[in-house]
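The values are calculated or read from the model by the stated rules, or taken from the named source; none is laboratory data. This is a predicted model, so every value here is computed, not measured. Every residue, glycine as well, gets a Cβ built from its backbone with ideal geometry; the counts of neighbours run over all protein chains shown.
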Amino acid sequence: MLRENPDGPDLRRIPSVIGGDEKKRHGIVTAKSLPAKKMGIHTAMTVAEALRICPNLVIRPPDFELYSRESARLMELLRTYSPVQEQLSIDECYLDMTEAAGHFARPGESSRRWGVRAADEIRRAVRETLGFTVNVGVSTNRLLAKMASDFAKPDRTHTLFPEEVPVKMWPLPVESLYGAGPSTARQLRRLGAATIGQAAAMDPEVLKANFGVKGGLYIYESANGRGSDTVQSDERDALSMSAETTVPSDLGPADETQAEQVIRYLAGRVSGRLKREGVFAGTITVTVKTDDFRRHSRSLSLADPVCDEESISREALKGYWEMCGGDDGYFHAGRKVRLVGVGATKLSDGRFRQMSLEDLARQIAGDDEERRKRELESQERRAKKKRQEKLDKMRRELNERFGEGTVVRGADTEP
């Protein structure tokens, strides 16, 4: 999320990114401006790589508390338009607008026409209510809606219906196909597919031979505009929370630093959601997708549930290297990693969570503070009582000397 600083340049209009550390030249890009994107800078790229592409790149640190708060406001607003909502990331989600027909549709109007009008209304509400802009993609399935939302920005509504695929989607470079990372795009170009349309025209058997059955079928189906039309509604009491990202360059055994940076970034996102919901995770899961399009995961059960970024990062890194490193890991088998995910499951409210030394220290500090507060209140009550006793004694003495009623309490006088 790139926000305008009133005291500085508009980050949206210059090459800029959020994430990492410019001085130390480490960390990864978590968001980029359109000018930065046009220069070839991608999310999850290392800051060092981004600076090599653009030495004058403006880098700002992330503010996860702000992002989580604004994300929650966005999702709450979108929920007023449709209860069937599936959050894809901190700033993206799918909406099934079927139930909204009664509000938006006019007599004899097609669902596509009122769907576009609803998208425009949502964009306007986000801009006027929340103060930032969004793109909205409208289509009959998730893949095409997502592709449409990535068309020209900002603050635009785009359609990508199945009959529009040959004109709007097929001329795009193959790198634009949702789910096709840099490694996949390079391999498709080597096979002669430089555009999505050329990938759509390829023999599915050739694709399966080069990307595996699952990966090849995905490329063929998605390039032809076919995808799921089901939105999995999010529940407030979700059984799990996760975040994942496709890395700009496939990770191998030597990419330890970048793997740690990516996992720490994902752990921060998961930690933010856990804290926002007030829950702890009893199991941490790390997921990878290798360059043969196969997904693999490793889960680690914890003796003590956690919600902090440091603990989640530590467990996820442990699972990552157990799964990919070593003599029987995927790196040893010659595979590389193109996607990384971190998840939290077995969620609880932490009521029966065992205290750590840090928790105990905080509680002791809190108890000490509470004792100090009670002692101060007691001292104030004693001092007030003594002052009142002195005033009462003085009042009695004056009344005895000059006559009853000479001095009375303020509360004793009549209005």
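Remarks
- Against the numbered list (1) under 22 Å from the mean Cα position of the chain (by Cα); (2) surrounded by fewer than 21 Cβ atoms within 10 Å (Cβ to Cβ); (3) assigned by TED's automatic domain parsing to the domain that holds V340, E256 comes up short only at (1).
- For the range 38-71, a tally of residues being surrounded by 14 or more Cβ atoms within 10 Å (Cβ to Cβ) and assigned to a helix (DSSP H, G or I) returns 11.
- Residue, farthest from Y265 (Cα to Cα), within the range 81-104, restricted to residues that are part of a loop (DSSP other than H, G, I, E, B) and modelled with pLDDT under 85: P83
- Failed item, numbered, when A267 is tested on (1) within 18 Å of the chain's Cα centre (by Cα); (2) in a strand (DSSP E or B); (3) under 21 Å from V29 (Cβ atoms): (2)
- Residue within the range 182-192 that is of a type in the set (V, I, T) and touching a residue at least 40 places away in the same chain (Cβ under 8 Å) present: yes
- Positions within the range 272-284 being under 27 Å from E70 (Cβ atoms) and either in a loop (DSSP other than H, G, I, E, B) or modelled with pLDDT of 90 or more (or both), in sequence order: G278, V279, F280, A281, I284
- The range 75-85, subset buried (at least 17 other Cβ atoms within 10 Å of the Cβ) and free of Cβ contacts under 8 Å to residues at least 60 places away in the same chain, residue nearest to the chain's Cα centre (by Cα): L78
- Residues in the range 89-104 that are in contact with a helix residue (DSSP H, G or I) (Cβ under 9 Å, 6 or more places away or on another chain), without any contact (Cβ under 8 Å) to a residue 40 or more places away in the chain and surrounded by fewer than 17 Cβ atoms within 10 Å (Cβ to Cβ): T98, A101, H103.
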